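The values are calculated or read from the model by the stated rules, or taken from the named source; none is laboratory data. Everything numeric here is computed off the predicted structure, so don't read it as measured data. Here the Cβ positions follow ideal geometry from the backbone for every residue, glycine too, while neighbour counts run over all protein chains shown. Surface areas here come from the heavy atoms of the whole protein model, side chains and all, with no ligands, DNA or RNA. Shrake-Rupley method; radii C 1.70, N 1.55, O 1.52, S 1.80 Å.
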Amino acid sequence: LGAREGLQLSLKYNNQTINLLNLHLKSGCFTQNYSQSDIKSCQIFAKQAEILKQHVASQVLPGEQWLVLGDFNHHLADDKNTLRNTLIPENMSANSKLTVLTDGKQSCHPKYPAPIDHIISSPTMTRKLSSPVMFHKYSQQAPTTMLSDHCPLTATFNIN
């Protein structure tokens with residue numbers, strides 16, 4: 001599926017394991033329902049989405065501390081987004097229901113206000129969120145002088 005590979009890390013701290021899955025999904029498929037598009041980038045995205053869905057379903061277990069984060073190249077903060085509803089189905093139990101921490105947030109990019117970079121959190125990590133998730137602005141905010149069309153995104157968790 002190209003050079004966009006994910007990276008999974010398990011960090012141990014204070015007898016706790018925190019699992020991180022960082023990813024960079026295919027760009028160019030900005031439709032809400034990628035599965036109904038015949039655009040080549042959407043076909044690639046659909047394959048990546050299926051792999052991600054299977055991985056999340058098999059790895060993100062209830063009670064574990066997980067963050068799935070990175071460049072999703074999709075508008076997951078929209079509750080009608082197909083990828084969001086694939087990863088977080090309505091019938092998901094409360095003790096394993098994932099949270100899109102960028103819900104209600106706006107990207108820093110003046111031309112692209114809907115974020116495509118996201119952090120998805122397991123319930124145990126969501127409860128440890130200790131400050132608001134934030135997109136940070138560049139000092140040069142004009143679209144022609146910004147360093148990137150992506151915005152730095154931060155979240156702070158209390159894992160003591």
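Please list the non-local residues whose amide H lies under 5 Å from the amide H of Ile119, H modeled 1.01 Å from N, same-chain partners needing a gap of 5 or more.
Leu101, Thr102
What does the highest-first list of 111-123, 18-30 look like by mean Cβ count within 10 Å?
Going by the mean number of other Cβ atoms within 10 Å, highest first, we get 111-123, 18-30.
Does the chain come out rounded, prolate or oblate by the C-alpha gyration tensor, with a ≥ b ≥ c the root eigenvalues, rounded set by a/c under 1.5 and, if not, prolate when a/b is larger than b/c and oblate if not?
oblate
Enter the Cα centre distance for the pair the stretch 86-133 and the stretch 14-36, rounded to the nearest angstrom.
Computed from Cα coordinates, the inter-centre distance equals 11 Å.
Whose amide H sits under 5 Å from the amide H of Gln65, counting only residues 5 or more places off or on another chain, with H placed in the peptide plane?
Answer set, sorted by chain and number: Asn19.
Got a number for carbon plus sulfur as a percent of the chain's accessible area, 1.4 Å probe?
53 percent
Do you know the relative contact order of the stretch 1-137, to the nearest whole percent, from alpha carbon pairs under 8 angstrom that are 6+ apart?
Once divided by the residue count of the stretch 1-137, the mean separation gives 23 percent.
Of the DSSP beta bridges with both residues in the chain, give the percent that are antiparallel, rounding to the nearest 5.
Counting only bridges with both partners in the chain, antiparallel ones make up about 70 percent.
To make sure I understand the rule: partners must be lysines, Cα under 23 Å from the Cα of Lys128, and not fewer than 8 residues away in the same chain. Which ones qualify?
Cross-link targets: Lys12, Lys97, Lys105.
Short version: ³J(HN,Hα) in whole Hz for each residue of the stretch 63-73, in order, from phi by Karplus 6.51 cos²θ - 1.76 cosθ + 1.60 (θ = phi - 60°), x for Gly and Pro, what are they?
x, 8, 9, 10, 10, 10, 9, x, 8, 7, 6
Short version: ³J(HN,Hα) in whole Hz for each residue of the stretch 9-21, in order, from phi by Karplus 6.51 cos²θ - 1.76 cosθ + 1.60 (θ = phi - 60°), x for Gly and Pro, what are they?
Coupling constants for the stretch 9-21: 10, 10, 9, 10, 8, 6, 6, 10, 10, 10, 9, 10, 10 Hz.
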